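**Student:** Shown below is the structure under consideration.
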Amino acid sequence: MGLPRHAPIGDDLSQFVKTSLVDVVADRIRTNIYTGKYPAGKKLIVRELSDEFGVSHTPIKDALNRLIAEGYVEALPRRSMVVRTYTNIDLIESLQVRLLFEIFCAQEIVAAAQKSNIAQQLRGILEQMRECLADKEHLEYEKWVENETQFHRCYMQHCRNRKLFSLYQGLDTNKTTYFAYLNSSHTPLKRSTLESNLQEHEAITDAIEQQNAELFIQAVAQHLYRACEDYAVDDECRRKIEQFKQMTQKYLP
């Protein structure tokens, strides 16, 4: 790739190098968070990361600020930065809200499917999710979460309510699901769980393709309730999941 045409010879190009280095550092830290090398609550010390990656403090600081914006890192008082903690209760409550949003928007989503290629777009994302599972030796968890997030936002963007869609995006339940499980089990989501997930996404796509709001709601309710089953780790979570079950019961076969 050549230099930008508007950058005259002799300009300081360090900003381009810096941007590239920040990308690399942010990717490395993010990957270490996804694999559990940097567990929830771990303090991320600029000096230590600088030594680990062999770079100066500046790209480390810039990368950490980016990861704060992305929701992977939290800035605590006295300027400490730690890996963000996603709790099981955070997840279950967010899934409850998400269920309400998707049920409320079901008719709008199905109506939009009559005029656009939502189902085709979803099929394309499903193919990428299958590719993530194809390698039996290595699973790109970050790519899986990105695809799953894109899948659900693909149809929810047709809800015809910008405020609701913004709130939906803010829930970020796919990331929360992954990290809540990682935090409580100290291991990434099981491949069998992701394979079940894929089948549930296919059922949602089928319902949208058939332009059937009732089937869509049923598929979404099954998907979200099933997602809670791995998080019944204490009495509070079990009470929340029982509440969730009552919310979804009338939509399940």
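**Student:** With the range 26-142 as the region, which helices (runs of 4 or more DSSP H) entirely inside it contain at least 3 residues that are open to solvent by 70 Å² or more (accessible area, probe 1.4 Å)?
**Tutor:** Once the helices (runs of 4 or more DSSP H) in the range 26-142 are filtered for at least 3 residues that are open to solvent by 70 Å² or more (accessible area, probe 1.4 Å), what remains is 46-53, 57-70, 88-104, 118-134.
**Student:** Given the condition out of contact with any His (no Cβ under 6 Å at 6 or more places or on another chain), within 23 Å of residue 142 (Cα to Cα) and polar (S, T, N, Q), answer yes or no: does some residue in the range 58-71 qualify?
**Tutor:** Yes, the range 58-71 has at least one match.
**Student:** Let me ask something additional. Could you list, in sequence order, all residues of the range 169-196 that are open to solvent by less than 10 Å² (accessible area, probe 1.4 Å) and more than 24 Å from residue 40 (Cα to Cα)?
**Tutor:** Correct list: empty.
**Student:** Those residues that are among the small types (Gly, Ala, Ser), without any contact (Cβ under 8 Å) to a residue 60 or more places away in the chain and part of a helix (DSSP H, G or I), I need them from the range 208-235; list them, please.
**Tutor:** 219
**Student:** For the range 154-168, how many residues meet the condition of being free of Cβ contacts under 8 Å to residues at least 40 places away in the same chain and surrounded by 15 or more Cβ atoms within 10 Å (Cβ to Cβ)?
**Tutor:** The initial filter retains those residues of the range 154-168 that are free of Cβ contacts under 8 Å to residues at least 40 places away in the same chain, namely 154, 157, 162-163, 165-166.
Filter once more, keeping what is surrounded by 15 or more Cβ atoms within 10 Å (Cβ to Cβ): 154, 157, 165.
Selection size over the range 154-168: 3.
**Student:** Counting only residues that are within 21 Å of the chain's Cα centre (by Cα) and open to solvent by 10 Å² or more (accessible area, probe 1.4 Å), which one in the range 198-216 is farthest from residue 153 (Cα to Cα)?
**Tutor:** 199
**Student:** Further question: Counting only residues that are open to solvent by less than 60 Å² (accessible area, probe 1.4 Å) and aliphatic (A, V, I, L, M), which one in the range 227-253 is modelled with the lowest pLDDT?
**Tutor:** So, considering only residues that are open to solvent by less than 60 Å² (accessible area, probe 1.4 Å) and aliphatic (A, V, I, L, M), the one modelled with the lowest pLDDT is 252.
The values are calculated or read from the model by the stated rules, or taken from the named source; none is laboratory data. Predicted model only: the values in this text are computed from it and were never measured. For neighbour counting, all protein chains shown are included, and Cβ atoms are generated from backbone atoms with ideal geometry for every residue, glycine included. Quick note on the areas: whole protein, heavy atoms, side chains included, nothing else; ligands and nucleic acids left out. Shrake-Rupley method; radii C 1.70, N 1.55, O 1.52, S 1.80 Å.
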